[in-house]
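Below is one structure, written out as C-alpha cells; comments come after it.
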Amino acid sequence: MDEISQLLGTVGRVRSDTLSSDATQSTGSRVALRHRLSQLMTCVDDLDPTNRLHEKMVKTLDNAVLACAKKPKKDGFRLHIVTWNVATAEPPEDVTSLLHLDSATSADVFIIGLQEVYSGPVRFISDMVFHDPWSQKFMSTLAPLNYVKVSSIRMQGLLLLFFSKLEHIPFIRDVQATYTRTGFLGYWGNKGGVSVRLSFYGHMLCFLNCHLAAHMNYATERVDEFENIVDTQTFDCMKAPRIRDHRLVFWLGDLNFRIQDHGMHFVRSCINNQTYNLLWNSDQLIMLKNKEELLQEFEEGPLNFQPTYKFDLKSDHYDSRLYRTWFDFNSKKRKPAWTDRILWRVRPKALPSDEQDENSVGPSQVSITQQDEDEEYPLKLRQDLYTSNMEYSISDHKPVLGIFTLTLRKVYDTPLVRLQAVGDWSADIDAVVLYRPLQPFPSSNWDWIGLYKVGFSSFSDYVTYTWVKDDEVAVNEEQMQVFVSKEDIPVRGGACVLCYYCSSLHCIIGISETFQEWTSQQLYPEVRLCNAQ
C-alpha cells in the first residue's frame, strides 16, 4: 500500500490541489473519494502492466470493492412522543399508560410536549427554582428505568421535555433549546412555540411544541404563527441554524385546528360510528395543506382516533355545558376537533450537482455536504402508532401519542471521552478520576465531571462534581487524572457512575462503568466492629 501511495503521488499527468485540507483528510467525504478516484484513473492509464505494482494495484482495488459491498449496519430507535393540553391540571398519579411503560418494546427516547401547564405568578416563580410538578412526575417515573432528562424548556404554560435511555446519552450532543412568543402581538407567552434541538448519533433532530391561536375562524392566523415560529427560531449551530435545516423535525402540540362545514350532530354521529374519515376533508389543517407550501413539507398519520377536544372534566363525554360569557350571553357548546396533533418532516434530499439551477455559478458547499450526508448516512422514519389515550380525564383535552421507528446509519458510535473511577470511592479517602479523550472536542474551563447515583433523573441530579481544568493533577498525551477531595464526597454509598459534562456542547460526552461508593462501615468493617463493642 505504501508503494501504491507513492505511485499516486509521482505517476500521472497533473495532480489537482483544489480540495480543501479538511476534505482530503476526511475518509468519509464522497467529494474527496471522487477526487482520489480521478487521480487513480490517471495513474492506471500511465501504469505499465508489466510493473510489479500492477498486481498489487489490482488486489487493492478488489479489496476496496469488497469493502464497499459490505454496507454499514443501520440502527433502529423507538421514539415515543406525547402531546397534551393539560388545562392547568395537576399531573395524574400514574403515567404508565401514557408512556406505554408496560409495553414489551421499550422506547429509546421520550418527547413530551405539554400546553397550559399551570403558570400562576407564585407557582411560576417556584417552578423556575424547582422542577414543576409535571417535570417531576415524569422524571420520578422514568429515572428508575434508567431514562435521563436531557433537556427541557418552559415558556409560561408551554413545556417540552426530552428523555433518553442512559446508553444513548454520550451520543446526544449540541443540545439547545429556545422559544417564540406569539400571544398578544408577540409579547405574551400564552401562545407560541418551544423547541429542543440536538445531534443524535450525528443526525440533527428538532422537536417543536406549539400552542397556536384558538377558535374556528383563526385558521390562517394559526398558519401565520407557525410560519413565524419556524422562520425566526435560530440556533448556534453552523450545520443546522434553523428549524428546517435539521434532518428530522417533529411538530406537535395543541395546534387548535378545527372541523368546519359540518354541524355538531353530524360530527358526533361520525364519532359514534367511528367513521372518522368522513370528517377529514373538513379538518382545517388537512384543508390548508393543499395550499400552504410549508404545511406540505410535513407528514401526518391518518386520524383514526376520535377527536381529542373538547371534553367535560372527569368524563369521556364531549362538551355538554353552556358557558356564561360577557354581557350574560350563553356560548355554544364546543364542537369536537382534532386540535392535538403530531406531524413530522424529513429534510428533502439535495439535488445532484448536475440537476441544480443552470444559472448558478456552481454547487454550493452546503449542497455538496447535504448530498454527501444523505447518501452516506441515510435516515428513515416510520410511524408505528398514532392515537389518543382516553384513560385520562383531568383536562378537557385527551393526550395524543405517536410512536415512531427511526432508522439511521450512525455518523459516530464512539463517545468523546472515556471515564474511569480509580480505586475505592468513599467519603473517607480522596479519589481520582481517570479520563481519556477519544476524539477532539471543544473543551473549556467550564467542563466538569459529576458523580451520579445509578438511576439519576437529569444532568443536574449529581451527588457532587469537580471542575476538570481546576483539579487536574496529572496530564499526558493519552489520559488525564482529576483529583476529587474526600470532603466533596457525601457519605451515601451505593452504585454510581461518573459523567463528563462538556459546557460547549451542552451535554454529557462520556459515562464511566458502574462502580460502588462505599460507606465507612463498608470500607472499614473493623470500625463498625469497634463501634459495636
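The values are calculated or read from the model by the stated rules, or taken from the named source; none is laboratory data. The model shown is predicted, which means the values in this text are computed figures rather than measured ones. As a convention, Cβ positions derive from the backbone with ideal geometry for all residues, glycine included, and neighbour counts pool all protein chains shown. Just the protein is used for accessible areas: all its heavy atoms, side chains included, with ligands, DNA and RNA removed. Shrake-Rupley method; radii C 1.70, N 1.55, O 1.52, S 1.80 Å.
Conditions tested, residue by residue: (1) closer than 15 Å to ALA214 by Cβ; (2) at pLDDT 55 or above; (3) assigned to a loop (DSSP other than H, G, I, E, B).
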site	(1), (2), (3)
PHE327	no, no, no
ARG334	yes, yes, yes
ARG341	yes, yes, no
TRP344	no, yes, no
PRO348	no, yes, yes
LEU351	no, yes, yes
ASP354	no, no, no
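When you look at MET155, is it over 22 Å from ARG345 (Cα atoms) and buried (at least 19 other Cβ atoms within 10 Å of the Cβ), yes or no?
Numbers: over 22 Å from ARG345 (Cα atoms): yes; buried (at least 19 other Cβ atoms within 10 Å of the Cβ): yes.
Yes: the conditions hold for MET155.
Going by the structure shown, is ALA214 open to solvent by 20 Å² or more (accessible area, probe 1.4 Å) and farther than 19 Å from ASN85 by Cα? Spell out the reasoning first.
Numbers: open to solvent by 20 Å² or more (accessible area, probe 1.4 Å): yes; farther than 19 Å from ASN85 by Cα: no.
Here the answer is no, as ALA214 does not meet what is asked.
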Report task. Kindly check whether there is at least one residue in the range 411-423 that is without any contact (Cβ under 8 Å) to a residue 60 or more places away in the chain, assigned to a loop (DSSP other than H, G, I, E, B), under 22 Å from ASP174 (Cβ atoms) and among the β-branched types (Val, Ile, Thr). Result -> yes
Report task. Count, please, the residues in the range 219-268 that happen to be touching a Ser or Thr at 6+ places or on another chain (Cβ under 8 Å) and within 28 Å of TYR318 (Cβ to Cβ). Result -> 12
Query raised in the report: Within the range 188-225, which residues are small (Gly, Ala, Ser), within 26 Å of PRO336 (Cα to Cα) and free of Cβ contacts under 8 Å to residues at least 60 places away in the same chain?
Result: GLY189, GLY192, ALA213, ALA214
Requested in this report: Only residues that are open to solvent by less than 10 Å² (accessible area, probe 1.4 Å) and among the small types (Gly, Ala, Ser): list them for the range 237-276, please.
Outcome: ALA240, GLY253
**Report entry** Enumeration of residues in the range 198-225 that are closer than 12 Å to ARG345 by Cβ and aromatic (Phe, Trp, Tyr)
**Finding:** PHE207
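Given the options LEU279, LEU295, LEU285, LEU303, name the one that is open to solvent by less than 10 Å² (accessible area, probe 1.4 Å), more than 25 Å from GLY192 (Cβ to Cβ) and hydrophobic (A, V, I, L, M, F, W, C). Full working, then the answer.
Numbers: LEU295 fails: more than 25 Å from GLY192 (Cβ to Cβ); LEU285 fails: more than 25 Å from GLY192 (Cβ to Cβ); LEU303 fails: more than 25 Å from GLY192 (Cβ to Cβ).
The conditions single out LEU279.
Would you please name the residue that is least open to solvent (accessible area, probe 1.4 Å), looking only at residues in the range 439-452 that are touching a residue at least 60 places away in the same chain (Cβ under 8 Å) and not aromatic (Phe, Trp, Tyr)?
Step one: filter the range 439-452 for residues touching a residue at least 60 places away in the same chain (Cβ under 8 Å), giving 441-444, 451.
From what is left, the residues that are not aromatic (Phe, Trp, Tyr) are 442-444, 451.
On the way: PRO442: 64, SER443: 58, SER444: 28, LEU451: 3 Å².
Top of the filtered list is LEU451.
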Query raised in the report: Of (1) at pLDDT below 95; (2) open to solvent by less than 60 Å² (accessible area, probe 1.4 Å); (3) farther than 18 Å from TYR465 by Cβ, ALA431 satisfies all except one. Which?
Result: (3)
Report task. Find the residue count for the range 192-224, including only residues that are among the polar types (S, T, N, Q) and touching a Cys at 6+ places or on another chain (Cβ under 9 Å). Result -> 2
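GLU478 - would you say it is open to solvent by 40 Å² or more (accessible area, probe 1.4 Å), at pLDDT 95 or above and within 25 Å of TYR201 (Cα to Cα)?
Details: open to solvent by 40 Å² or more (accessible area, probe 1.4 Å): yes; at pLDDT 95 or above: no; within 25 Å of TYR201 (Cα to Cα): yes.
It is false that GLU478 is open to solvent by 40 Å² or more (accessible area, probe 1.4 Å), at pLDDT 95 or above and within 25 Å of TYR201 (Cα to Cα).
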Report summary line: Within the range 453-475, residues within 24 Å of SER135 (Cα to Cα), open to solvent by 40 Å² or more (accessible area, probe 1.4 Å) and not in a loop (DSSP other than H, G, I, E, B) come out as LYS453, TYR465
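Farther than 17 Å from VAL432 by Cβ and either touching a helix residue (DSSP H, G or I) at 6+ places or on another chain (Cβ under 7 Å) or of a type in the set (D, E, K, R) (or both) - does that describe any residue in the range 498-510? Please lay out each step first, then the result.
Taking the range 498-510 first, the residues farther than 17 Å from VAL432 by Cβ are 501-509.
After this cut, where a residue has to be either touching a helix residue (DSSP H, G or I) at 6+ places or on another chain (Cβ under 7 Å) or of a type in the set (D, E, K, R) (or both) as well, the list is 508-509.
Yes.
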Query raised in the report: Could you list, in sequence order, the residues of the range 460-475 that are out of contact with any helix residue (DSSP H, G or I) (no Cβ under 6 Å at 6 or more places or on another chain) and over 18 Å from SER444 (Cβ atoms)?
Result: SER460, ASP461, TYR462, VAL463, VAL473, ALA474
